[in-house]
Amino acid sequence: MSVRIVCHMISSVDGRLVSQRWSSPTRSINISEVYESVASSFQAQGWMIGRTTMAEYDCGVTESAPAPTDNQNNKTCFKGHQADRLIAVVFDPKGKLHYSSDHLQTGEHIVSVLSENVSDEYLSELRQIGVSYVFEGESKQNRFQKALKSIEELFSVKTLLLEGGGIINGAFLEAGLIDELSVLIYPGLDGAHSSPSIIGYQGDNPLPAQKSHLELIDAKTMAFGMVHLHYRLTNDHKKQ
Ligand SMILES: NC(=O)c1ccc[n+]([C@@H]2O[C@H](COP(=O)([O-])OP(=O)(O)OC[C@H]3O[C@@H](n4cnc5c(N)ncnc54)[C@H](OP(=O)(O)O)[C@@H]3O)[C@@H](O)[C@H]2O)c1
């Protein structure tokens with residue numbers, strides 16, 4: 001797996017995830033202008049998000065109960081019609097999401113990462129809409145690697161942005177798969193102890209960041225008083 005993964009996020013000064021909770025700025029801020037200009041500087045062929053973030057992102061995406069399961073393994077990945085679109089990868093292992101199109105309103109072709117026990121009935125729904133899908137690995141060690149390898153082969157990607165939320169970012173961090181971290185600091189605060197962080201691993205490893213080491217690549221003051229921090233990560237996991 002050689003795809004470069006850049007985790008690109010916007011955070012409050014106290015590192016929190018949910019922008020609707022942040023204090024208002026002293027003057028109006030065009031967050032997406034700055035966020036998208038930094039995102040495009042990485043020249044990625046697409047981006048990846050967790051199931052919860054995708055359910056909020058596009059009104060053509062709806063969420064329901066997990067898809068039925070079966071015990072058939074060795075299912076085949078499916079590539080829909082990407083044309084010249086970037087890809088939007090969603091980690092939806094249980095098959096909770098339903099789509100009205102093979103692409104988002106922002107233009108990206110949808111690629112779902114599923115567990116292999118999702119039933120063919122759900123896969124057939126995705127094929128009819130034209131949504132692409134690949135499968136995650138069964139073990140914790142190769143859960144993401146297997147899916148990323150399939151995505152690399154099917155879509156010839158070199159760089160992908162990982163754009164949250166905190167739970168999927170945390171899972172990637174713990175797996176040692178983040179190569180670079182790009183954080184835009186918004187001039188505001190959340191303030192609550194209980195609010196989720198931009199990286200929020202939920203699993204049984206009590207120290208999910210211990211094998212990752214950060215080196216600052218660049219720090220810049222941006223428009224509207226935002227600050228951009230860009231780090232390279234060295235992950236001990238890959239040395240093993
Ligand atoms: N500030 C920012 O830049 C930014 C960016 C993106 C999102 N957000 C905000 O973040 C919030 C949502 O973030 P979130 O952290 O709650 O959710 P999330 O990371 O978007 O999605 C979490 C879900 O991803 C699925 N998943 C797939 N593989 C997984 C794995 N290996 N480990 C863990 N989960 C896996 C799980 O779905 P199942 O439960 O179905 O298994 C899990 O519940 C929203 O409020 C959104 O607005 C902020």
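A few points about this structure:
- So residue 43, is it within 9 Å of the ligand (Cβ to nearest atom), open to solvent by 20 Å² or more (accessible area, probe 1.4 Å) and more than 14 Å from residue 163 (Cα to Cα): no
- Taken together, the residues in region 46-79 that are away from the ligand (no atom under 14 Å from the Cβ), open to solvent by less than 60 Å² (accessible area, probe 1.4 Å) and touching a residue at least 60 places away in the same chain (Cβ under 8 Å) amount to 3.
- Residue within region 162-181 that is buried (at least 17 other Cβ atoms within 10 Å of the Cβ), polar (S, T, N, Q) and either more than 16 Å from the ligand (Cβ to nearest atom) or closer than 29 Å to residue 31 by Cβ (or both) present: yes
- Residues in region 106-121 that are open to solvent by 10 Å² or more (accessible area, probe 1.4 Å) and not small (Gly, Ala, Ser): 106, 108, 116, 117, 120, 121.
- Counting residues in region 204-223 that are within 14 Å of the ligand (Cβ to nearest atom), open to solvent by less than 60 Å² (accessible area, probe 1.4 Å) and more than 22 Å from residue 35 (Cβ to Cβ) gives one or more.
- Contact map, region 224-235: residues that are more than 14 Å from residue 10 (Cα to Cα) paired with residues that are open to solvent by 40 Å² or more (accessible area, probe 1.4 Å) and assigned to a loop (DSSP other than H, G, I, E, B), Cβ distance under 7 Å, separation 6+ or inter-chain. Pairs shown: 235/211.
The values are calculated or read from the model by the stated rules, or taken from the named source; none is laboratory data. Keep in mind that this is a model prediction, so the values were computed, not measured. All Cβ positions, even for glycine, are placed from backbone atoms using ideal geometry, and neighbour counts span all protein chains on display. When the accessible area is computed, the model is the full protein with side chains, heavy atoms only, and any ligands, DNA or RNA have been set aside. Shrake-Rupley method; radii C 1.70, N 1.55, O 1.52, S 1.80 Å.
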